[in-house]
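Asker: What follows is a structure written as structure tokens; I'll ask about it next.
The values are calculated or read from the model by the stated rules, or taken from the named source; none is laboratory data. Only a predicted model underlies this, so the values are computations on that prediction, with no experimental measurement involved. Cβ placement follows ideal geometry from the backbone for every residue including glycine, while neighbour counts extend to all protein chains displayed.
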Amino acid sequence: MVIFDIKNLNIWFDSTQALKNVTMQVLPHEILSIIGPSNSGKTTFLRILNRLNDLNARFKMNGDVWFNGQDIKKVDVELLRRKVGMVFALPLPLPLSIFDNVAYGMKMAGVNSRKRLAQVVENALKQAYLWEEVKDRLGESAFKLSGGQQQRLCIARTLAVEPDVILFDEPCSGLDPISTAKVEDAMVKLKEKYTIVLVTNNVKQAARVGDRTAFFLSGELIELDKTEKIFTVPQDKRTDGYIRGKFG
Amino acid sequence: MATLLIVVPVGLIVVIIIQKGLPAINWQFLSDVPRQGMRAGGIFPAIIGTIYLVTGAIVFALPIGLLAAIYLSEYSKDNPLNRIIKLAIINLAGVPSVVYGLFGLALFVIFFKFGASILSGSLTLGIMILPIVITTSREALESVPQSFREVSLSLGASKWQTIRNIVLPNAIPGILTGTILGLGRAAGETAPILFTVAAFYLPQLPKSIFDQAMALPYHLYVISTQVPNVDEKIRYGTAFVLLALVLFMNLVAIIIRTKFRKKKKW
């Protein structure tokens, strides 16, 4: 079974091509890391998977992206986004309370029962290892949390919608090493239940948590293989150069 | 130096109006109808008329203006036509108010046969402040960070859910500020109500929206230029009430803005 099946995907923003003929698959219950220098199309690729690029008026694509056997251009976009959650680069709490942040997705999906929402929020916060720290102040503004806590709140908020896949877009770029370790721990545990696609600028992070690693350069998929292989015997010189820090 | 050139005349105007107008203010002046051909008595009908007109203008302009702003900022595509529309709306705010007055006369008073009435006057004032409401609301909506919209959509919310739950609540302070500034403008204008609603002398209160009404700016114009031998106290008292009303609205707008700016969490 394949979660995402991507064939010959080309992306443009106006006349600039952001992705060139990408063909790859995302497998169930794996952490797929995507590495590459900035402007290599990593984030653009990630935002294809939940169709967030659609918001950009200059965006054009051709090629096929299948999610669980369905063409993502034809599925209901709100349903797709509920199944494919996303954690952004910076902690981005909504200007709501901690509780309402986590409950937001469920509420929008039409769940109104307070009991059910309370349960969903508690579960999600526990899975993101935040429950103990915030259980006594769920009514407070989410902006009162520290940066690391806010990022775990964003993870909880994504989990609360009960997705199949979670997209992480450089989730630790604004965090200190301790918060980073906590987020990485959470990711490794989460892959038991979810499929994870992780875009990261931190090559070591990909080596630590990724099952498979993909290397993007200037919009092209250069290499995709098991993480150990990529980091020990890369097939392509450019991959080798990048992970050794020769450019990027 | 340039600042002084602006501040000194404005300060002088305010000081003179307060100095000459404040002694006229008492309960009778505020609550009585004009008497002896407006040479005595109070300005109560004019105050009430202005409140009716301003309320009517806002009932008309806020919903339409807000919907237009939501369309322009959230739904319209960025193409030349929409850019021209946005530019045109901004420029409409600079059209002289007497032009709106003539427009109101032609459309509401004559074409729709509303006659000179509170309804005609309110609609004319409403149209006059519509560009202010649209422009400030649009700016308020656009100042809500794009990332909030992306987060909300990424959690499976629809576009309208995102606007209603995330964008609008965070834009309300800006929308309110713009609306109140528009109200202040509507309260102080003479020209748009001149042909559409204002009564020269009408000592009883209006009974329906199809009645004519007195209004503060027009009343001030009348007693200053059209009626001989009006006591200076009454003229400056009227000016003082009008000025206080407009400044009060601006003050409320400023308070709302600072209060929410402090509460702003991002």
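Asker: Does residue B:162 satisfy the condition of being in contact with a helix residue (DSSP H, G or I) (Cβ under 7 Å, 6 or more places away or on another chain) and farther than 22 Å from residue B:181 by Cα? Explain how you work it out, then say what you get.
Answerer: Working: in contact with a helix residue (DSSP H, G or I) (Cβ under 7 Å, 6 or more places away or on another chain): yes; farther than 22 Å from residue B:181 by Cα: yes.
Here the answer is yes, as residue B:162 does meet what is asked.
Asker: List pairs: first in segment B:136-147 and in contact (Cβ under 8 Å) with a residue 12 or more places away in the chain and within 13 Å of chain A (Cβ to nearest Cβ), second assigned to a helix (DSSP H, G or I) and of a type in the set (S, T, N, Q), Cβ under 8 Å, 6+ apart or cross-chain?
Answerer: Between residues of segment B:136-147 that are in contact (Cβ under 8 Å) with a residue 12 or more places away in the chain and within 13 Å of chain A (Cβ to nearest Cβ) and residues that are assigned to a helix (DSSP H, G or I) and of a type in the set (S, T, N, Q), the close pairs are B:144/B:170.
One line per residue, one yes/no per condition, for (1) small (Gly, Ala, Ser); (2) free of Cβ contacts under 8 Å to residues at least 60 places away in the same chain; (3) surrounded by fewer than 19 Cβ atoms within 10 Å (Cβ to Cβ); (4) more than 23 Å from residue B:145 (Cβ to Cβ):
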position	(1), (2), (3), (4)
A:105	yes, yes, no, no
A:120	no, yes, no, yes
A:134	no, yes, no, yes
A:139	yes, yes, yes, yes
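Asker: Look at segment A:150-204 and say how many of its residues are more than 14 Å from chain B (Cβ to nearest Cβ), more than 14 Å from the chain's Cα centre (by Cα) and assigned to a helix (DSSP H, G or I).
Answerer: Number of matching residues: 10.
Asker: Further question on the same structure: Which one of these does residue B:70 not meet: (1) surrounded by fewer than 16 Cβ atoms within 10 Å (Cβ to Cβ); (2) at pLDDT 90 or above?
Answerer: (1)
Asker: Another question about this same structure. Mind checking whether some residue in segment A:25-33 is exposed (fewer than 14 other Cβ atoms within 10 Å of the Cβ) and among the small types (Gly, Ala, Ser)?
Answerer: No.
Asker: Of the residues that sit in segment B:154-171 and are small (Gly, Ala, Ser) and not in a loop (DSSP other than H, G, I, E, B), which one is nearest to the other protein chains (Cβ to nearest Cβ)?
Answerer: Taking segment B:154-171 first, the residues small (Gly, Ala, Ser) are B:154, B:156-158, B:171.
From the residues that got through so far, the ones that are not in a loop (DSSP other than H, G, I, E, B) too are B:154, B:171.
Details: B:154: 4, B:171: 11 Å.
Applying the filter and picking the extreme gives B:154.
Asker: May I pose another question? Only one residue in A:225, A:240 is out of contact with any helix residue (DSSP H, G or I) (no Cβ under 8 Å at 6 or more places or on another chain) and in a helix (DSSP H, G or I), so which one is that? Talk me through it step by step, then tell me what you get.
Answerer: Working: A:225 fails: in a helix (DSSP H, G or I).
From the options A:225, A:240, the qualifying one is A:240.
Asker: Across segment B:209-236, what is the total count of residues that are assigned to a loop (DSSP other than H, G, I, E, B), over 20 Å from the mean Cα position of the chain (by Cα) and not hydrophobic (A, V, I, L, M, F, W, C)?
Answerer: Residues of segment B:209-236 assigned to a loop (DSSP other than H, G, I, E, B): B:209-212, B:214-215, B:227-231.
Filter once more, keeping what is over 20 Å from the mean Cα position of the chain (by Cα): B:210-211, B:227-231.
Next, from what is left, pick out any that are not hydrophobic (A, V, I, L, M, F, W, C): B:211, B:228-229, B:231.
The total comes to 4.
Asker: Hey, could you check segment A:131-149 for residues that are within 14 Å of chain B (Cβ to nearest Cβ) and small (Gly, Ala, Ser) and say which is nearest to residue B:156 (Cα to Cα)?
Answerer: Pass one, segment A:131-149, residues within 14 Å of chain B (Cβ to nearest Cβ): A:140-145, A:147.
From the residues that got through so far, the ones that are small (Gly, Ala, Ser) too are A:141-142, A:147.
Working: A:141: 22, A:142: 20, A:147: 24 Å.
Going through the qualifying residues, I end up with A:142.
Asker: Here is a further query. Would you please name the residue that is surrounded by the fewest Cβ atoms within 10 Å (Cβ to Cβ), looking only at residues in segment B:180-208 that are of a type in the set (D, E, K, R) and not in a helix (DSSP H, G or I)? Steps first, please.
Answerer: So the first thing to find is which residues in segment B:180-208 are of a type in the set (D, E, K, R), and the list is B:185, B:189, B:207.
Subsequent filtering for residues that are not in a helix (DSSP H, G or I) retains B:189, B:207.
On the way: B:189: 23, B:207: 7.
Result: B:207.
Asker: Among the residues of segment B:57-96 satisfying the criterion of being assigned to a helix (DSSP H, G or I) and of a type in the set (Lys, Arg), which is farthest from the other protein chains (Cβ to nearest Cβ)? Steps first, please.
Answerer: Start the filter on segment B:57-96 by keeping residues that are assigned to a helix (DSSP H, G or I), which leaves B:57-75, B:80-92.
Filter once more, keeping what is of a type in the set (Lys, Arg): B:83, B:86.
Details: B:83: 13, B:86: 16 Å.
The extreme case among them is B:86.
Asker: Considering A:211, A:236, which residue is under 15 Å from residue A:37 (Cβ atoms), surrounded by fewer than 17 Cβ atoms within 10 Å (Cβ to Cβ) and more than 13 Å from the chain's Cα centre (by Cα)? If you could, list the steps in order and put the result at the bottom.
Answerer: Values: A:211 fails: under 15 Å from residue A:37 (Cβ atoms).
Matching residue, one of A:211, A:236: A:236.
Asker: Could I ask something else about it? Checking the condition within 14 Å of another protein chain (Cβ to nearest Cβ) and either assigned to a helix (DSSP H, G or I) or closer than 30 Å to residue A:83 by Cβ (or both), which residue from B:99, B:151, B:133 passes?
Answerer: The conditions single out B:151.
Asker: Within segment B:134-144, how many residues turn out to be charged (D, E, K, R) and buried (at least 17 other Cβ atoms within 10 Å of the Cβ)?
Answerer: Start the filter on segment B:134-144 by keeping residues that are charged (D, E, K, R), which leaves B:138-139, B:142.
With the extra rule that they be buried (at least 17 other Cβ atoms within 10 Å of the Cβ), the set shrinks to B:138.
Adding up the residues that qualify gives 1.
Asker: Which residue, of B:189, B:232, is of a type outside the set (A, V, I, L, M) and farther than 28 Å from residue B:133 by Cβ? So that I can check it myself, show each step before the final result.
Answerer: Numbers: B:189 fails: farther than 28 Å from residue B:133 by Cβ.
After applying the criteria, what remains is B:232.
Asker: Quick one: is residue B:258 out of contact with any Pro (no Cβ under 8 Å at 6 or more places or on another chain) and touching a residue at least 12 places away in the same chain (Cβ under 8 Å)?
Answerer: On the way: out of contact with any Pro (no Cβ under 8 Å at 6 or more places or on another chain): yes; touching a residue at least 12 places away in the same chain (Cβ under 8 Å): no.
For residue B:258, the condition - out of contact with any Pro (no Cβ under 8 Å at 6 or more places or on another chain) and touching a residue at least 12 places away in the same chain (Cβ under 8 Å) - is not met.
Asker: Pull up segment B:1-46, narrow it to residues that are surrounded by fewer than 16 Cβ atoms within 10 Å (Cβ to Cβ) and charged (D, E, K, R), then point me to the one that is nearest to residue B:211 (Cα to Cα).
Answerer: Residue satisfying both the conditions and the ranking: B:35.
Asker: Criterion first (touching a Leu at 6+ places or on another chain (Cβ under 8 Å) and more than 14 Å from chain A (Cβ to nearest Cβ)) does residue B:223 satisfy it? Break it down stepwise before answering.
Answerer: Values: touching a Leu at 6+ places or on another chain (Cβ under 8 Å): no; more than 14 Å from chain A (Cβ to nearest Cβ): yes.
Spelling it out, it is not the case that residue B:223 is touching a Leu at 6+ places or on another chain (Cβ under 8 Å) and more than 14 Å from chain A (Cβ to nearest Cβ).
Asker: Continuing with this model, one more query. Which numbered condition in (1) touching a Gly at 6+ places or on another chain (Cβ under 8 Å); (2) among the hydrophobic types (A, V, I, L, M, F, W, C); (3) not in a loop (DSSP other than H, G, I, E, B) is the only one that residue B:256 fails?
Answerer: (1)
Asker: Report yes if some residue within segment B:74-86 is of a type in the set (Phe, Trp, Tyr), at pLDDT 90 or above, under 30 Å from residue A:58 (Cα atoms) and surrounded by fewer than 18 Cβ atoms within 10 Å (Cβ to Cβ); otherwise report no.
Answerer: yes
Asker: Sort through B:174, B:115 and tell me the only one that's outside any helix (DSSP H, G or I) and more than 12 Å from every other protein chain (Cβ to nearest Cβ).
Answerer: Working: B:174 fails: outside any helix (DSSP H, G or I).
Residue meeting the stated conditions: B:115.
Each row is one residue, and each column tells you yes or no for (1) modelled with pLDDT of 90 or more; (2) surrounded by 19 or more Cβ atoms within 10 Å (Cβ to Cβ); (3) within 13 Å of chain B (Cβ to nearest Cβ).
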residue	(1), (2), (3)
A:53	yes, yes, yes
A:71	yes, no, no
A:84	yes, yes, yes
A:90	no, no, yes
A:101	yes, yes, yes
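Asker: Now a separate question. Looking at segment B:145-167, which of its residues are surrounded by fewer than 18 Cβ atoms within 10 Å (Cβ to Cβ) and hydrophobic (A, V, I, L, M, F, W, C)?
Answerer: B:160
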